[in-house]
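Undergrad: First the structure, which I've put down as structure tokens, then a few questions once you've had a look.
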Amino acid sequence: MSKKNQYEVQRFYGVPVEADANGTYQLKLDPHGEFKVHTWRTGKHTKGKFTGIGQLMLTENNLPVVILKAEPMAFKDRHTETPLQRFLTVAVTPAVLAMAQHEWGEPQ
């Protein structure tokens, strides 16, 4: 494949979120009060712009996810991750982000 068809690829670690009755995004927890961190990547048709940790993105299945970590990814490795649909212009509150980062235990 020629270089001109390549694009920058990033891997994102995130947790699904849901809006509460006040419209504030909270972590989507399982019945045990826990969450799982999943990974996605930017794709050729990903819309929007990544602005920072705590920002929300939409998966291809329209699931809102808070971004906990972002890292560069080799273009040739992109098929190991599912592409995300778009970045949103909203973010979780600092308290929700801090809770997710603390529970995940991954250094930022």
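Undergrad: With each pseudo-label sitting 7 Å past Cα toward Cβ, what's the residue 19-residue 102 distance in nm, one decimal?
TA: According to this spin-label approximation, the distance is 2.7 nm.
Undergrad: Further question on the same structure: Using a cut-off of 12 Å between beta-carbons, work out the net charge of the residues near residue 60 (Lys and Arg +1, Asp and Glu -1, residue 60 not included).
TA: For residues surrounding residue 60, the net value is +2.
Undergrad: Would you mind checking the tilt of helix 94-104 against the longest principal axis of the Cα atoms of the chain, expressed as 0 to 90 degrees and rounded to 10?
TA: For 94-104 against the chain, the angle is about 80 degrees.
Undergrad: Another question, if that's okay. Given a 1.4 angstrom probe, what's the average accessible area per residue across region 9-104, in square angstrom?
TA: 58 Å²
Undergrad: Treating only the Cβ of Lys, Arg, Asp and Glu as charged (+1, +1, -1, -1), what charge dipole size does the chain show about its Cα centre? Round to the nearest 20 debye.
TA: 740 debye
Undergrad: Peptides 6-12, 43-49: what's the order by average Cβ count within 10 Å, highest mean first?
TA: Result, highest mean first: 6-12, 43-49.
Undergrad: May I ask what percent, to the nearest 5, of DSSP beta bridges between residues of the chain are antiparallel?
TA: DSSP beta bridges in the chain are roughly 90 percent antiparallel.
Undergrad: Carbon and sulfur atoms: what percent of the 1.4 Å accessible area of the chain do they account for?
TA: Accessible surface attributable to carbon and sulfur in the chain totals 50 percent.
Undergrad: Looking at 83, 93, 61, which one has the Cα that reaches farthest to the positive end of the dipole of the chain (charges on Cβ: Lys, Arg +1; Asp, Glu -1)?
TA: So the residue furthest toward the plus end is 83.
Undergrad: So, by mean Cβ neighbours within 10 angstrom, what's the order for 26-34, 66-74 with the highest one leading?
TA: 66-74, 26-34
Undergrad: When the label point is put 7 Å from the Cα of residue 60 along its Cα-to-beta-carbon vector, which residues of region 24-45 have a backbone N closer than 19 Å?
TA: Under 19 Å, as judged by backbone N against the label point of residue 60, lie 38-45 of region 24-45.
Undergrad: Now a separate question. Can you tell me, using C-alpha contacts under 8 Å and at least 6 residues apart, the relative contact order of region 1-102 as a whole percent?
TA: Normalised by residue count, the contact order of region 1-102 is 35 percent.
Undergrad: Which aspartates and glutamates, on any chain, are close to residue 44 with Cα under 20 Å apart, when same-chain ones fewer than 8 places away are left out?
TA: Within the straight-line limit of under 20 Å, residue 44 reaches these aspartates and glutamates: 8, 60, 71, 77, 81.
Undergrad: Another question about this same structure. Would you mind computing, in nm to one decimal, how far apart the modelled labels at residue 80 and residue 34 are, each placed 7 Å from Cα along Cα→Cβ?
TA: Distance between label points: 2.4 nm.
The values are calculated or read from the model by the stated rules, or taken from the named source; none is laboratory data. All of these numbers come straight from a predicted model, not from anything done at the bench. Using ideal geometry, Cβ is built from the backbone for each residue, glycine included, and neighbour counts are taken over all protein chains shown. Ligands, DNA and RNA are stripped out before the accessible areas are found, and what is left, the full protein with its side chains, is counted by its heavy atoms. Shrake-Rupley method; radii C 1.70, N 1.55, O 1.52, S 1.80 Å.
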